[in-house]
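The values are calculated or read from the model by the stated rules, or taken from the named source; none is laboratory data. Computed from a predicted model, the values in this text were never measured in an experiment. Positions of Cβ are backbone-derived with ideal geometry, glycine not excepted, and every protein chain shown enters the neighbour counts.
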Amino acid sequence: MPKISLKNVTKKFEKIVALNNLSVEINDGEFFIILGPSGAGKTTFLKVIAGLENPENGEIYFDGDLINNIATAKRDVALTFEDYSLYPNFTVFNNIAAPLKSSANKNKYNTKQIREKVDKFTKMLSINHLLDRLPSELSGGQQQRVALGRALIKESKVLLLDEPLAHVDAKIRNQLRTEFHFLREKFRTTTIYTSHDYKEAISLGDRIMFLNKGEIQQIGIPEIIYNFPKNTIVALNVGWPEINLFDCSVNFENSQLYCPKGDFVFNISGNVLKLLKIYGKSEYLVGARPHHISFSDKPSDVYNLKAICGTSEVLDNQSVFYAKIKNLDLTILVNDPDLSLRYKQEVWLSFDDQSLIFFDKETNENIKLKE
Amino acid sequence: MASVSLKNVYKYYWSKKGKVEAVKNLNLDIRDKEIMVLLGPSGCGKTSTLRMIAGIEEISKGKLYIGDNLSNNLTPAQRNIALAFEDYALYFHLTVKENIALCLEAKKIDSNIIKKRIKDISEILGIGDVLDLKTTTLSGGQQQRVSLARALVRDPSIFLLDEPISHIEIEKRYRILAEIKEINHKFGSTMLYVTHNQTEAIAVGKRIGVMNFAELQQVGTRDEIFNNPINLFVAGFVGQPPINIMKCKIISEEDVIILKVENSSLKFIPEAKIAKELYKLNFKEVILGLRPQNIYIRKVSDKQKSIKGIIEVKEFLGEDMHLVLKSGDLKFSVYCNIDMELKKDKELELFYDQNRLHLFHPETEKVISASL
Amino acid sequence: MKERKKIGKNIFVNLPISIVLILSFSFLLFPVYWIFTMALKTNLDIITYPPKFFFKPTIKGFQYILGLVKVISDVGVSAGVESWFLVGIKNSIIVVVSTILISLAVGLPAAYVLARYKFKGKEDIAFTILSFRFAPPLLVIIPLYLLFSKIGLYNSYISLIWVYQLISLPMIVWIVRGYMEEIPMEIEQAGMVDGYSRIWIFFRLILPLAKGGIAAATLLAFIYCWNNFIFGMILAAVYVQPVTVQAMRYLTPDAIMFREVAAICIGAALPLLILSIFLQRYLISGLSMGAIKR
């Protein structure tokens, strides 16, 4: 299971730079996730590793061997495409067996062995009752599993999965995401999995690389990416609802933060105050995650920031409501699905100051990671 | 705005295989000014119901009342309904404003009134700044909003929406639902919203009607359906992650009725009044449902009972966590707050409230509740 | 009671539609019907006016063109000496089938290249191939005749097969190219990842997926080649000419044998009909491939 390295890889499509001078190392046997919005370059990244696209610049190494000039068929990688790309004129059986019968693998497997392997993988993916069907006769979730079967059966050293859950119904997506955990245990290949859904990324990944417009924003373990996003782009894309961002200035004498848009102050203390003193600046872009803001329908010492409620949404297990302090719009996530706040009702908010994230106003970078 | 009432409504049609019942004995009341959601898997009859209320499909048997009027034989225009579908059907050669104003002009309403209505509605729906653009230049989300505005501006008695947000970009979906609710709040429009997605249903509707196999299973608020499901289907269909379903044998240990889960060491203790009911019914087996949200990793009250399991999968999801635990052959889900201490293969003690156990008849799958 | 109303509604809507359809089809198919009856009438019936719709059929026409019966006229045996029909059919089959096979062998890879690759002058080449269809055959027929005579190809199958490429090749290249463009690149990439060569991908993935287009193009090309008259008439003589030209055999100095000409028309159309029925299956299946959800 190789270590994969990319050094200074650039890939352009006419004028668009899909990958901009990327360098990254993926460890042996790692489940590595590439997270980013659409157009970030995730699919291009996978295709470059597979050899389906050739970079203008840069080198790709598997375990230290340069593979830029090795043809796709000889690289021993498996790839699932975002729209599955099953062979429409082959049955499920033949789709999954296809990699075993190709010229690259000719004579390695006889018919009996192929049959056994297909049985093994289709049972594991719960699709062994669909072997004689054509792809057009399958549901989205079933097609996805066939695509997975076709990729896994090769037992190749590198597994590349391109947004495997993007087009699956929400209910099934959650189930499949959990199932991926089980599959991961079985196959300790070096796996690169792309997604635009941060929940998939932080649930499944050993490490996550956040890619935006062809550039790496941050690489780290899930807890770090979520709790210590390197910059505002990462912070906005990881977490739902979107993190609240607003400008504040620090008053070191009173240990308070003042937000001009909402015209309010609140106290800061402890480690957060220390951090700001060390960093030294007095103006910051503050990030407050929606579930780190709490509210009460009565004012008190703690809940002292008056806000007016806007609309609210009830979700499966939580509620989200939008509130406004003067000119500042905030989104708040509450763990109670039975919230009943009326439009234009007054509530009093409180920020959990220790969980605030501070970004340098010039660089948009998280000051905590500067240490 | 009006209420809608369906009394003993049936819908049949004939296919090669004989008579097909699309809707069976439906009794449903949609109150004036409420948003009612019809939720169910595809083919359950929800779309047929919507089309019967709209008047684009005939009612095979039964009565439909809009307000106090028996409306079976009224045309859609006479019923004064507005429809919003998955495909928006906007007039491509007209601008947004013209699309919205078209039918009002046809009714010869005063142009000042038209202007004001368009202004109010486009404010709520956030399309005020695209009024003069041609509809083809808009995104899916905006087109759907224009379609909603066009339907609304006619001041219909009832607003029928059939899966209106399925073609809208995922990021914008919940905003539009919030706006639909806002429209209902501001204009008091009675709405029927049809969907197969339970997250959408919960987000938009006050009351939800769950349908399956042509029959209405249960009508209630999210709370009622979540905490008091009337049968196994409703319990399993609503709720993300889905409810844990376990087959249990009813045994008694020291005079207490215990539910022992098959192929596992898990044992659950039902409430006394339910236990009495089980004893009366003399069952040997029962189906148990317990929601992942109702299993806790920390004890909250003394009344809670406990079970044990080994963590097989731990999913860190940012704002919350999802665990899959194993006990014997049984796997079950727990949904909880973040706790970074939990690791795979750790044995965990979990807690539940007895009143959150849902017991279902092993054959009819109906809920077993204490008889009064 | 409601059901009865529905059926009633249906009849009222269906009846006018049915009448319009029947009238349209009658109008369009009438010439075919008339020629078919002509092939079964006696010469007298054919030329009487007002036209006769009811008549006593005879199969003499078909017997003549198949060479089963000889026609003896005042000046001796003048027709039915040989079966011009069978000679024509044999020539048509040899020429058109060969043409199509060559067009497919050359045109399918060309369509693939035009669909997939980017290179300078690609659209120019594609347009040039299409432009062959623009030139009226009459324009080129004299020069072609002179050229082929000079190189000794007059009255040979090769000359016809070669010239017929002008008809069939553009059709196959352009129609199949469109179908191949519709096949997502990702399917080929999946094949490459699985370890297959491009040749395998071409034969086992691209061609089966373009089946509908290939069937449609083949059928159209076949029909146009089969029906061609002018090339066969000028560039070949009796024993090489296709069945379209052989029909002229029955416009003799003695008499215009309408019935026999009609019989050859029917006979010449038959292979096309059979081919269409055979290829129809592929035309329909070509349109229902659904492995890539959109």
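Quick one: count up the residues across the range A:48-83 that are in contact with a helix residue (DSSP H, G or I) (Cβ under 6 Å, 6 or more places away or on another chain), facing chain C (nearest Cβ under 7 Å) and part of a loop (DSSP other than H, G, I, E, B).
So the answer is 2.
Is it true that A:Ala166 is at pLDDT below 90 and not assigned by TED's automatic domain parsing to the domain that holds A:Asp316?
Numbers: at pLDDT below 90: yes; not assigned by TED's automatic domain parsing to the domain that holds A:Asp316: yes.
In short, yes.
Wholly within the range A:101-215, which strands (runs of 3 or more DSSP E) include no fewer than the required count, namely at least 3 residues that are crowded, with 21+ Cβ neighbours inside 10 Å, in contact with a helix residue (DSSP H, G or I) (Cβ under 8 Å, 6 or more places away or on another chain) and not hydroxyl-bearing (Ser, Thr, Tyr)? Steps first, answer last, please.
On the way: elements: A:158-162, A:190-195, A:207-212.
Output list reads A:158-162, A:207-212.
State which residue is farthest from A:Ile233 (Cα to Cα) when the search covers only the range A:252-305 and only residues that are polar (S, T, N, Q) and in a loop (DSSP other than H, G, I, E, B). Show your work before the answer.
Residues of the range A:252-305 that are polar (S, T, N, Q), as a first pass: A:254-256, A:267, A:269, A:271, A:282, A:294, A:296, A:300, A:304.
Those left that are additionally in a loop (DSSP other than H, G, I, E, B): A:254-255, A:269, A:282, A:300, A:304.
On the way: A:Asn254: 31, A:Ser255: 28, A:Ser269: 27, A:Ser282: 22, A:Ser300: 35, A:Asn304: 30 Å.
Restricting to residues being polar (S, T, N, Q) and in a loop (DSSP other than H, G, I, E, B), the top hit is A:Ser300.
From the list A:Ser312, A:Ser296, A:Ser300, exactly one residue is under 21 Å from B:Ile180 (Cβ atoms), assigned by TED's automatic domain parsing to the domain that holds A:Tyr258 and not charged (D, E, K, R). Which is it?
Details: A:Ser296 fails: under 21 Å from B:Ile180 (Cβ atoms); A:Ser300 fails: under 21 Å from B:Ile180 (Cβ atoms).
Within the list A:Ser312, A:Ser296, A:Ser300, the selection yields A:Ser312.
Filter the range C:150-165 for residues that are over 13 Å from C:Val97 (Cα atoms), touching a helix residue (DSSP H, G or I) at 6+ places or on another chain (Cβ under 8 Å) and in a helix (DSSP H, G or I) and give the result.
C:Ser159, C:Val163
Any residue at all in the range B:246-254 that is within 22 Å of B:Ser327 (Cα to Cα), within 13 Å of chain A (Cβ to nearest Cβ) and surrounded by fewer than 21 Cβ atoms within 10 Å (Cβ to Cβ)?
Looking for residues that are within 22 Å of B:Ser327 (Cα to Cα), within 13 Å of chain A (Cβ to nearest Cβ) and surrounded by fewer than 21 Cβ atoms within 10 Å (Cβ to Cβ), one finds none in the range B:246-254, hence no.
List the number of the failed condition for B:Glu224; all other conditions in (1) surrounded by 17 or more Cβ atoms within 10 Å (Cβ to Cβ); (2) within 14 Å of another protein chain (Cβ to nearest Cβ); (3) within 30 Å of B:Glu21 (Cα to Cα); (4) without any contact (Cβ under 8 Å) to a residue 40 or more places away in the chain hold.
That leaves (1) as the condition not met.
Please find, among A:Gly270, A:Gly310, the residue that is surrounded by 16 or more Cβ atoms within 10 Å (Cβ to Cβ) and of a type in the set (Gly, Ala, Ser). Spell out the reasoning first.
Details: A:Gly270 fails: surrounded by 16 or more Cβ atoms within 10 Å (Cβ to Cβ).
None of the others qualify; the one that does is A:Gly310.
Determine if the range C:205-218 includes at least one residue that is in contact with a strand residue (DSSP E or B) (Cβ under 9 Å, 6 or more places away or on another chain) and not assigned by TED's automatic domain parsing to the domain that holds C:Val32. Step through it out loud before you land on a result.
Of the residues in the range C:205-218, the ones in contact with a strand residue (DSSP E or B) (Cβ under 9 Å, 6 or more places away or on another chain) are none.
No, the conditions are met nowhere in the range C:205-218.
Hey, B:Asn282 hits all of (1) more than 27 Å from A:Lys199 (Cβ to Cβ); (2) crowded, with 20+ Cβ neighbours inside 10 Å; (3) without any contact (Cβ under 8 Å) to a residue 40 or more places away in the chain but one; which does it fall short on?
Every listed condition holds for B:Asn282 apart from (2).
Exactly one condition in (1) touching a strand residue (DSSP E or B) at 6+ places or on another chain (Cβ under 8 Å); (2) crowded, with 19+ Cβ neighbours inside 10 Å; (3) within 14 Å of chain B (Cβ to nearest Cβ); (4) not in a helix (DSSP H, G or I) is not met by A:Ile225; state its number.
Looking at each condition in turn, A:Ile225 falls short on (4).
Under 6 Å by Cβ, and 6 or more places apart or on different chains, what pairs join a residue from the range A:126-149 that is more than 13 Å from every other protein chain (Cβ to nearest Cβ) with one that is in a helix (DSSP H, G or I) and β-branched (Val, Ile, Thr)?
A:Asn128/A:Thr122; A:Leu130/A:Val92; A:Leu131/A:Val92
Residue by residue through the range A:158-179, note down the ones that are more than 10 Å from chain B (Cβ to nearest Cβ) and over 25 Å from C:Val193 (Cα atoms).
Within the range A:158-179, A:Ile172, A:Arg173 qualify.
Only one of (1) more than 15 Å from the chain's Cα centre (by Cα); (2) more than 9 Å from every other protein chain (Cβ to nearest Cβ) fails for B:Glu182. Which number is that?
(2)
Any residue in the range B:55-77 that is outside any loop (DSSP other than H, G, I, E, B) and within 22 Å of the chain's Cα centre (by Cα)? I'd like the intermediate steps shown before the answer.
First pass over the range B:55-77, keeping only residues outside any loop (DSSP other than H, G, I, E, B): B:61-66, B:69-70, B:76-77.
Narrowing further to those that are within 22 Å of the chain's Cα centre (by Cα): none.
No, that holds for no residue.
Residue check: is B:Glu341 without any contact (Cβ under 8 Å) to a residue 12 or more places away in the chain and not in a helix (DSSP H, G or I)? Show your work before the answer.
On the way: without any contact (Cβ under 8 Å) to a residue 12 or more places away in the chain: yes; not in a helix (DSSP H, G or I): yes.
Here the answer is yes, as B:Glu341 does meet what is asked.
Which of the residues belonging to the range B:229-243 are closer than 15 Å to B:Asn294 by Cβ and away from every other protein chain (no Cβ under 13 Å)? Write out each step before concluding.
First, the residues of the range B:229-243 that are closer than 15 Å to B:Asn294 by Cβ: B:229, B:235-236, B:238-243.
Answer for the range B:229-243, where residues must be closer than 15 Å to B:Asn294 by Cβ and away from every other protein chain (no Cβ under 13 Å): B:Pro229, B:Ala235.
Taking the condition of being in contact (Cβ under 8 Å) with a residue 12 or more places away in the chain and either in a loop (DSSP other than H, G, I, E, B) or surrounded by fewer than 19 Cβ atoms within 10 Å (Cβ to Cβ) (or both), how many residues in the range B:302-317 meet it? If you could, list the steps in order and put the result at the bottom.
Pass one, the range B:302-317, residues in contact (Cβ under 8 Å) with a residue 12 or more places away in the chain: B:303-314, B:316.
Remaining after also requiring either in a loop (DSSP other than H, G, I, E, B) or surrounded by fewer than 19 Cβ atoms within 10 Å (Cβ to Cβ) (or both): B:303-306, B:308, B:310-312.
Number satisfying all stated conditions: 8.
Taking B:Ile170 and the conditions (1) aliphatic (A, V, I, L, M); (2) within 14 Å of chain A (Cβ to nearest Cβ); (3) crowded, with 21+ Cβ neighbours inside 10 Å, which numbered condition does it fall short on, given that it satisfies the others?
So the condition that B:Ile170 fails would be (3).
Can you spot a residue in the range A:346-361 that is at the interface with chain B (Cβ under 10 Å from one of its Cβ atoms) and out of contact with any Lys or Arg (no Cβ under 7 Å at 6 or more places or on another chain)? Give the steps one after another, and end with the answer.
Start the filter on the range A:346-361 by keeping residues that are at the interface with chain B (Cβ under 10 Å from one of its Cβ atoms), which leaves none.
No, the range A:346-361 has no match at all.
Tell me whether the range A:310-319 contains one or more residues that are at negative phi, more than 14 Å from chain B (Cβ to nearest Cβ) and of a type outside the set (Ser, Thr, Tyr). Can you show your working first?
Looking only at the range A:310-319, we keep the residues that are at negative phi, and these are A:310-319.
Add one more test, that the residue is more than 14 Å from chain B (Cβ to nearest Cβ), and what stays is none.
No: the range A:310-319 contains no residue that is at negative phi, more than 14 Å from chain B (Cβ to nearest Cβ) and of a type outside the set (Ser, Thr, Tyr).
Check B:Lys331, B:Lys299 and return the single one that is in a strand (DSSP E or B), in contact with an Asp or Glu (Cβ under 9 Å, 6 or more places away or on another chain), surrounded by 12 or more Cβ atoms within 10 Å (Cβ to Cβ) and of a type in the set (D, E, K, R). Give the steps one after another, and end with the answer.
Working: B:Lys299 fails: in a strand (DSSP E or B).
After ruling out the rest, the residue left standing is B:Lys331.
Exactly one condition in (1) in contact with a helix residue (DSSP H, G or I) (Cβ under 6 Å, 6 or more places away or on another chain); (2) at pLDDT 90 or above is false for A:Ser255; which is it?
Every listed condition holds for A:Ser255 apart from (2).
Picking from C:Trp174, C:Trp200, which residue would you name as being assigned by TED's automatic domain parsing to the domain that holds C:Ser149 and farther than 30 Å from A:Leu161 by Cβ?
Values: C:Trp200 fails: farther than 30 Å from A:Leu161 by Cβ.
It is C:Trp174.
Within the range C:147-199, track down each residue that is crowded, with 18+ Cβ neighbours inside 10 Å and among the acidic types (Asp, Glu).
Within the range C:147-199, C:Glu186, C:Glu188, C:Asp194 qualify.
Would you confirm whether any residue within the range C:235-252 is in a helix (DSSP H, G or I), of a type in the set (Gly, Ala, Ser) and within 14 Å of chain A (Cβ to nearest Cβ)?
Here is the first cut: in the range C:235-252, the ones in a helix (DSSP H, G or I) are C:235, C:243-250.
Add one more test, that the residue is of a type in the set (Gly, Ala, Ser), and what stays is C:247.
Pick out the ones that are also within 14 Å of chain A (Cβ to nearest Cβ) and you get none.
So far as the range C:235-252 goes, no, none of its residues is in a helix (DSSP H, G or I), of a type in the set (Gly, Ala, Ser) and within 14 Å of chain A (Cβ to nearest Cβ).
Would you be able to say whether some residue in the range A:330-343 is assigned to a strand (DSSP E or B) and away from every other protein chain (no Cβ under 14 Å)?
Kept after step one, since they are assigned to a strand (DSSP E or B), are these residues of the range A:330-343: A:330-334.
Now restrict to residues that are away from every other protein chain (no Cβ under 14 Å): A:330.
Yes - at least one qualifying residue is present in the range A:330-343.
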